[in-house]
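Presented below is the structure to which this report refers.
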Amino acid sequence: MPNGKYIYEKHDWPHFTWDHNGLLSKVSAVQFRYGLLAGRMDALGFDQQQNVTREALVQEVQKSSEIEGEFLNLAQIRSPYRATSEWILPDYR
């Protein structure tokens, strides 16, 4: 499969080539946006930072499961964490 869906299915796996200049501009843009996000996170209080981080992790689990063909709703992912006192997630129903 020369142009497979997954990176390991590419014909040149694992020997890649890339355009350094094109990649540099994209990496620079991501780094800039990361700096903006970090600044906004610093403006939040500690508890709110923890909630935002946990919510991002929950959404990452959801998206990762979708890649594998399993579609979980956010409540399914959040519920095990709500049971522990360490994970206090807001209820977004």
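Read-outs throughout are calculated quantities, based only on the coordinates presented, and are distinct from any laboratory measurement. Computed from a prediction, not measured in an experiment: that's the story for all the values here. FYI the Cβ positions are ideal-geometry reconstructions off the backbone, even for glycines, and counts take in every protein chain you see.
Excluding Val61 itself, calculate the net charge of residues whose Cβ lies under 13 Å from the Cβ of Val61, where each Lys or Arg counts +1 and each Asp or Glu counts -1. Mind showing how you got there, number by number?
Working: positive: Arg54, Lys63, Arg78; negative: Glu55, Glu60, Glu66, Glu68, Glu70.
Neighbourhood net charge equals -2.
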Problem set entry | Among 69-77, 50-58, 36-44, the order from most to least packed when residues are scored by Cβ within 10 Å on average | 50-58, 69-77, 36-44
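In terms of the Cα gyration tensor, with a ≥ b ≥ c the square roots of its eigenvalues, is the range 19-82 rounded because a/c is under 1.5, prolate because a/b exceeds b/c, or oblate? The partial results should precede the final answer.
Numbers: a/c = 5.50, a/b = 1.31, b/c = 4.18.
Oblate.
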